[in-house]
Amino acid sequence: TAVYTGMRLSEIQALTWNDIDFHNKTIDINKSWNANDHTFKPTKNKSSVRTIGANDQLLKLLSQLKERHISNMVFMTQFGTIPTSNAVNKTLRGLLDELHIHRQNFHFHSLRHSHVALLLAHGVDVYAISKRLGHSDIRTTTNTYAYLLDEYKQETDNKIIKVLDEIV
């Protein structure tokens with residue numbers, strides 16, 4: 001879910017089945033999870049309340065999960081609780097080890113960065129990415145992901161030159 005959506009862990013933890021619209025292929029992000037007192041809380045900021053598009057593969061996986069759901073919460077442990085940050089990161093590290101992927105300081109939040117990197121690599125506009133991430137200002141996105149944007153600078157410069165060359 002993190003790779004396909006770029007959602008924050010607390011937003012994923014707070015997902016209920018009511019937030020997923022399988023027909024319109026969207027996810028409504030309208031709350032987050034307070035890990036301290038195990039309750040819903042407001043999102044990080046006002047702009048974090050958003051509706052994002054969901055791809056078919058994610059919806060298929062969520063649909064399979066829904067068939068076995070035991071509560072209105074999308075993600076639950078076998079003990080009927082919301083997975084903790086520690087548990088999620090431990091599972092992620094285990095999966096990475098199984099796949100022989102060794103990344104220093106890679107954690108669940110890194111999946112959000114991976115989501116952005118994937119979108120940028122495929123030419124998705126930074127403004128659209130910023131809205132998808134729930135950033136209040138595009139400068140937050142450009143400052144946070146400047147290192148990724150710099151990687152695509154030469155490619156972007158080449159596109160600019162090509163556009164300018166087509167001016168008659």
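The values are calculated or read from the model by the stated rules, or taken from the named source; none is laboratory data. Everything quoted here is computed from the prediction, not taken from an experiment. All Cβ positions, even for glycine, are placed from backbone atoms using ideal geometry, and neighbour counts span all protein chains on display. All accessible areas refer to the heavy atoms of the entire protein, side chains included, with ligands and DNA or RNA removed. Shrake-Rupley method; radii C 1.70, N 1.55, O 1.52, S 1.80 Å.
Note on residue 136 and residue 79: the extension gain reaches 16.9 nm, defined as 0.36 nm multiplied by sequence separation minus the Cα-Cα distance. The value of relative contact order for the chain, using C-alpha pairs under 8 Å at least six residues apart, is 24 percent.
With each label modelled as a point 7 angstrom along the Cα→C-beta vector, the residue 143-residue 110 pair spans 2.5 nm.
Rounded to the nearest 0.05, the FRET efficiency derived from the C-beta distance between residue 23 and residue 49 at R0 = 22 Å is 0.55.
In this structure the chain gives 64 Å² per residue of accessible area when probed at 1.4 Å with all protein chains present. Here the 3J(HN,Hα) profile of the stretch 105-121, calculated from phi with Karplus coefficients 6.51, -1.76 and 1.60 at θ = phi - 60°, is 6, 8, 9, 4, 4, 4, 5, 5, 5, 5, 4, 5, 4, 4, 5, 5, 4 Hz, Gly and Pro shown as x. Of 110, 16, 2, which is farthest towards the positive pole of the chain's charge dipole, taken about the Cα centre with +1 and -1 on the beta-carbons of Lys, Arg and Asp, Glu respectively? Farthest towards the positive pole: 16.
Counting only residues at least eight positions apart within a chain, or on another chain, the aspartates and glutamates with an alpha carbon under 13 Å from that of residue 41 are 11.
If we count every other residue with Cβ under 15 angstrom of residue 27's Cβ, Lys/Arg +1 and Asp/Glu -1, where does the sum land?
Overall, the nearby charge balance is +4.
Ratio of alpha-carbon Rg to the 2.2 N^0.38 Å globular estimate for the stretch 74-137, to two decimals, please.
Numbers: Rg = 14.9 Å, N = 64, 2.2 N^0.38 = 10.7 Å.
Normalised by 2.2 N^0.38 Å, the Cα Rg of the stretch 74-137 equals 1.39.
You can think of it this way: the chain between residue 127 and residue 66 has 18.7 nm of extra reach, that is 0.36 nm per residue less the Cα-Cα gap. Helix 56-67 versus the longest principal axis of the chain: what is the Cα-based angle in degrees, 0 to 90, to the nearest 10? Roughly 0 degrees between the two axes.
Using only side-chain charges placed at the Cβ, +1 for Lys and Arg and -1 for Asp and Glu, the dipole size of the stretch 65-168 relative to its Cα centre rounds to 500 debye. FRET efficiency for the pair residue 87 and residue 159, taken as 1/(1 + (r/R0)^6) with r the Cβ-Cβ distance and R0 = 35 Å, rounds to 0.20.
Roughly speaking, to the nearest percent, how much of the stretch 14-142's 1.4 Å accessible area is carbon and sulfur?
54 percent
Could you pull out the pairs from 66/90; 25/60; 25/131; 31/131; 31/60; 46/131 whose alpha carbons sit more than 21 Å apart here? Violating the 21 Å Cα-Cα cut-off are 66/90; 31/60. Counting only residues at least eight positions apart within a chain, or on another chain, the aspartates and glutamates with an alpha carbon under 20 Å from that of residue 162 are 125, 150, 151.
Note on mean projected area of the Cα convex hull in nm²: of the candidates [x] 9.9; [y] 12.5; [z] 14.1, the value calculated from this structure sits at [y].
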